[in-house]
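Below is one structure, written out as structure tokens; the observations come after it.
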Amino acid sequence: AVYLSLPPLKTRVDIITTSEILAQRDAEEFGPFYKMFNLSVGHNCCDPPEIPNYNVDIVYGTASHFAGDLLRRDFYLQSEIRPDRSYEAAIVDEVDSMFVDQRQHFTQLASLTPGYKAFNVILRLIYLLFQTFSMTPDAKQFIIRQRDGYYTG
């Protein structure tokens, strides 16, 4: 990471690991080492609404956090996440664990929407109501199904 970050390359490096704890620990423990080379280091292991700091030379993080930040920036148009940092170099720690043991893991951006549970009840009622209606094959009449028979209208 130091070699890639120093001039003349001056590449920004993402170090991808399998655990938030490892990413936070390594960013903190190796901070003084990077500082000897005038390099800054940070991690992206924070939960929204906190915005991760990508304005450093070396960023530690998990694959899920890097993917989540990419999705937030590109699909949710949150331009403040990783604003001017291109993807230049990645060092993957424990690559066997990441690609074999965690191959079933995926990144999902989801959150509860306030008031959605009440809306869900309304959608269910509409669905049940529409199950009682159908149309004749010529599409000229509605058929309403009820317990005691069918009514046309």
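The values are calculated or read from the model by the stated rules, or taken from the named source; none is laboratory data. Model, not experiment: these values are computed from the prediction. FYI the Cβ positions are ideal-geometry reconstructions off the backbone, even for glycines, and counts take in every protein chain you see.
The number of residues in the range 36-72 that are over 17 Å from the mean Cα position of the chain (by Cα), surrounded by 19 or more Cβ atoms within 10 Å (Cβ to Cβ) and not hydrophobic (A, V, I, L, M, F, W, C) comes to 2.
Applying a threshold of 7 Å to beta carbon distances and a minimum spacing of six or more residues, or different chains, the list of pairs starting in the range 21-42 at a residue that is in the same structural domain as P7 (by TED's automatic domain parsing) and over 12 Å from V59 (Cα atoms) and ending at one that is surrounded by fewer than 18 Cβ atoms within 10 Å (Cβ to Cβ) and at pLDDT below 95 reads F37/V2; F37/L6.
Tell me, which residue of the range 1-24 that is among the charged types (D, E, K, R) and surrounded by 14 or more Cβ atoms within 10 Å (Cβ to Cβ) is farthest from E88 (Cα to Cα)?
Taking the range 1-24 and keeping what is among the charged types (D, E, K, R), we get 10, 12, 14, 20.
Going one step further and asking which of them are surrounded by 14 or more Cβ atoms within 10 Å (Cβ to Cβ), we end up with 12, 14, 20.
Values: R12: 6, D14: 8, E20: 22 Å.
The selected residue is E20.
With the condition kept exactly as written, say whether any residue in the range 73-91 is closer than 17 Å to L4 by Cα, surrounded by 12 or more Cβ atoms within 10 Å (Cβ to Cβ), among the aromatic types (F, W, Y) and assigned by TED's automatic domain parsing to the domain that holds L6. Scanning the range 73-91, I find no residue that is closer than 17 Å to L4 by Cα, surrounded by 12 or more Cβ atoms within 10 Å (Cβ to Cβ), among the aromatic types (F, W, Y) and assigned by TED's automatic domain parsing to the domain that holds L6, so the answer is no. For the range 25-35, a tally of residues being surrounded by fewer than 20 Cβ atoms within 10 Å (Cβ to Cβ) and either within 22 Å of V95 (Cα to Cα) or in contact with a Leu (Cβ under 8 Å, 6 or more places away or on another chain) (or both) returns 5.
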